[in-house]
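K.L.:
Here it is, the structure in full.
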Amino acid sequence: DPHVPPMSFDFGVPEMPFDVHGGRYHVTALIAEGGTARVFVCYDNTTRVWRALKMLLPEYAMRQDLRRRLITEATAMKRLDHPHITKVFEAFEDDANAYFVMEYAERGSVGDWVKDNGPLPPSAATEVMIQLCRAVGPRPR
């Protein structure tokens, strides 16, 4: 069933499930919340793939400066193309909020791992940094 997320989280968000972008994305579960935005798992009804959707918290959704910042963040991330960086697919706005859609990292991030397990061993931390440098470093022309 495409409307059951591969991972389920309960952060007590009462408005789920909901659809955005003309029903293209069926949002099913909250996976993270920060200072100004939330990230949800959603099902892309067009590509039939699970994605992550980032959107501003309701109290910030009408602030044009934060909407611009979210869209700018997505635009910058969309330019990065590397296997070790989460791919951003699109950014959009509607009357209610600003959003961007990215790959869904089912196993979480390095930050999630550290939060759950403590500091990375030195060899793993070194490997993560090497991958990060390769991802954001100069590109051959």
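K.L.:
Show W113, W50 ordered by accessible area, largest first, where the area counts protein heavy atoms only and the probe is 1.4 Å. Before the final figure, lay out each step's value.
P.N.:
Working: W113 110, W50 55 Å².
From most exposed to least exposed: W113, W50.
K.L.:
Separate question: At a Förster distance of 22 Å, what's the computed FRET efficiency of S109 paired with M62, Cβ-Cβ distance as r, to 0.05? It would help to have the intermediate numbers written out before the result.
P.N.:
Numbers: r = 29 Å, r/R0 = 1.31.
Here the calculated transfer efficiency is 0.15.
K.L.:
Taking 22 Å as R0, compute the FRET efficiency from the Cβ-Cβ separation of H84 and T47 and round it to 0.05. Present the calculation step by step, with values, prior to reporting the outcome.
P.N.:
Details: r = 22 Å, r/R0 = 1.00.
Once rounded, the FRET efficiency stands at 0.50.
K.L.:
Take peptides 26-32, 94-100, 117-123, 83-89 and line them up by average Cβ neighbours within 10 Å, highest first, as a rough protection proxy.
P.N.:
26-32, 94-100, 83-89, 117-123
K.L.:
Another question, then. Roughly to the nearest percent, how much of the accessible area of the chain is carbon and sulfur, given a 1.4 Å probe?
P.N.:
Solvent-exposed carbon and sulfur of the chain make up 54 percent of the total.
K.L.:
Also, I was wondering about something else. By accessible area of protein heavy atoms, probe 1.4 Å, what ranking do V136, V39 get, highest first?
P.N.:
Heavy-atom accessible area, descending, gives V136, V39.
K.L.:
Then there is this: Quick check: with the 1.4 Å probe, what order do R38, R67, R24 take by accessible area, largest first?
P.N.:
Descending accessible area places them as R24, R38, R67.
K.L.:
Only helices at least 24 Å long along their axis, Cα-based, and averaging 1.0 or more on Kyte-Doolittle count here, so list those DSSP H runs from the chain.
P.N.:
Helix filter hits for the chain: none.
K.L.:
Between L57 and residues 5 or more places away or on another chain, which pairs have amide H atoms under 5 Å apart, with H built 1.01 Å from N, and which residues are they?
P.N.:
A37, R38
K.L.:
Give me the 1.4 Å probe accessible area per residue for region 16-141, excluding ligands and nucleic acids, in Å².
P.N.:
61
K.L.:
Tell me, what HN-Hα J-couplings in whole Hz come from the Karplus equation 6.51 cos²θ - 1.76 cosθ + 1.60 at θ = phi - 60° for each residue of region 94-99, using x for Gly and Pro?
P.N.:
Whole-Hz 3J(HN,Hα) from phi for region 94-99: 9, 5, 8, 6, 10, 9.
The values are calculated or read from the model by the stated rules, or taken from the named source; none is laboratory data. Because the structure is predicted, anything quoted here is derived from the model rather than measured. Here the Cβ is made from the backbone with ideal geometry for all residues, glycine too, and neighbour counts use every protein chain on show. Side chains included, ligands, DNA and RNA excluded: accessible areas come from the protein's heavy atoms. Shrake-Rupley method; radii C 1.70, N 1.55, O 1.52, S 1.80 Å.
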